[in-house]
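Some notes on the structure that comes next.
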Amino acid sequence: MTEQFGVCAQRESPKIAPAVEFTTGAASMSGLKVIAIASELVEKVRASRVSPGYGHPVTAKVATGHGPCRHCLRPFAIGQEVRLLFTLNSFDGVAPIPQPGPVFVHEEVCERHAEDAGYPAGLLRFAAVLDGYDTEQMVRQRKTVSDGSHETAIAEMMRDPLVRYVMVRDGNAGCYDFRVERRQ
């Protein structure tokens, strides 16, 4: 394995990440960044209609659920917006073991959620599963939130110096929404 994935080649003791300052509310995300799917990848999917790395065809349908779009991180307008469904390895470039799953993006161009914009406000009303992973791609902590305390829960998880990043998943379907990491 390479340092690119933050994993020690000889399985040495895990790297300790710096602590994140803990506060409450929006300020609790100040030392963190929210990572949506890259614009380049979304543009490629929209143009090719093929899932990256897998070759599966992309499906376009009018939204029947809130989503969210994994690029702008906004909920879909159910019955109005067309969303593209494709297979994505949410661990690509982050960890060595692929874990592909279904994700949605807007069919129309949308602006990527800014990494420093904090937890997407439009998603606070939806339940989420928060998985805190270490450098060995093992879940160290898991929390389910449905009361709007998403930011506080993530900040608490990131206080554990062994948690490298948090994968945010839909609280009902369980599919990947986005990743949260410490700012460098």
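Report, by residue number, each residue of the range 41-66 that is within 18 Å of Phe91 (Cβ to Cβ) and either open to solvent by 60 Å² or more (accessible area, probe 1.4 Å) or polar (S, T, N, Q) (or both).
Those that are within 18 Å of Phe91 (Cβ to Cβ) and either open to solvent by 60 Å² or more (accessible area, probe 1.4 Å) or polar (S, T, N, Q) (or both): Ser51, Gly53, Tyr54, His56.
Please specify each residue of the range 46-93 satisfying the condition of being in contact with a strand residue (DSSP E or B) (Cβ under 8 Å, 6 or more places away or on another chain), touching a residue at least 60 places away in the same chain (Cβ under 8 Å) and within 27 Å of Leu124 (Cα to Cα).
Across the range 46-93, the qualifying residues are Pro68, Arg70, Leu73, Leu88, Ser90.
Filtering the range 125-143 down to residues that are in a strand (DSSP E or B), of a type in the set (D, E, K, R) and open to solvent by 40 Å² or more (accessible area, probe 1.4 Å), which residue is nearest to Val163 (Cα to Cα)?
Step by step, filter the range 125-143, then rank; the result is Arg140.
Does Glu151 fit the bill of being within 21 Å of Gln80 (Cα to Cα), at pLDDT 95 or above and either charged (D, E, K, R) or open to solvent by less than 70 Å² (accessible area, probe 1.4 Å) (or both)?
Answer is no for this residue.
Open to solvent by 30 Å² or more (accessible area, probe 1.4 Å), touching a residue at least 60 places away in the same chain (Cβ under 8 Å) and of a type in the set (A, V, I, L, M): is that true of Leu162 in this structure?
Criteria met by Leu162.
Quick one: which strands (runs of 3 or more DSSP E) lie wholly within the range 33-108 and hold at least 2 residues that are β-branched (Val, Ile, Thr) and more than 13 Å from the chain's Cα centre (by Cα)? Walk me through how you get there before you give the answer.
On the way: elements: 59-62, 82-89, 100-106.
Result: 59-62, 82-89.
Please enumerate the residues belonging to the range 94-130 that are free of Cβ contacts under 8 Å to residues at least 24 places away in the same chain and charged (D, E, K, R).
Arg125 - this is the single residue of the range 94-130 that is free of Cβ contacts under 8 Å to residues at least 24 places away in the same chain and charged (D, E, K, R).
The values are calculated or read from the model by the stated rules, or taken from the named source; none is laboratory data. If you're wondering where the values come from, they're calculated on a predicted model, not measured in any experiment. Cβ atoms come from the backbone with ideal geometry, glycine included; neighbour counts cover every protein chain shown. Note: areas computed on protein heavy atoms with side chains; ligands, DNA, RNA excluded. Shrake-Rupley method; radii C 1.70, N 1.55, O 1.52, S 1.80 Å.
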